[in-house]
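Okay, so here's the structure we're looking at.
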Amino acid sequence: MAIDPVCKMTVDEKTAKFKTEYKGKTYYFCAPGCKKAFEKNPEEYLGRGK
């Protein structure tokens with residue numbers, strides 16, 4: 001299972017409808033809004049909580 005980097009929900013990679021690649025890694029999303037927010041500013045979500 002993957003974690004949506006925007007809302008932190010658990011997402012099943014096998015059934016996820018929304019995904020994107022960033023710097024060679026695939027990210028999975030629970031909804032199109034989360035995907036859109038991530039694509040607008042990925043570093044905001046990747047830098048948080050580390």
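Read the figures in this text as sums done on the coordinates, not as results from a lab. Since the model is a prediction, treat every value here as computed from it, not as a measurement. Heads up, the Cβs are rebuilt from the backbone with ideal geometry, glycines too, and the neighbour counts pull from every protein chain shown.
Counting helices only, and only those DSSP H runs with n ≥ 4, report the 222 nm mean residue ellipticity of the chain as the sum of -39,500 (n - 2.57) divided by its residues, in deg cm²/dmol to the nearest 500.
Rounded to the nearest 500, the figure is -7000 deg cm²/dmol.
Please work out how much length the chain gains when fully extended from Lys40 to Cys7, using 0.36 nm per residue of separation minus the C-alpha to C-alpha distance, in nm with one decimal.
Full extension of this stretch gives 10.4 nm more.
Would you mind ranking Lys23, Lys35 by Cβ crowding within 10 Å, fewest neighbours first?
Fewest-to-most ranking of Lys23, Lys35: Lys23, Lys35.
Run down the lysines and flag those whose C-alpha is under 19 Å from the C-alpha of Lys17, throwing out any fewer than 8 positions away in its chain.
The qualifying lysines are Lys8, Lys25, Lys35, Lys36, Lys40.
What is the sum of charges around Met1, taking Lys and Arg as +1, Asp and Glu as -1, for the other residues whose C-beta is under 11 Å from the C-beta of Met1?
That works out to -2.
For Tyr27, what is the net charge nearby, where nearby means another residue's Cβ is under 11 Å from its Cβ and Lys, Arg count +1, Asp, Glu -1?
Combined, the nearby Lys, Arg, Asp and Glu give 0.
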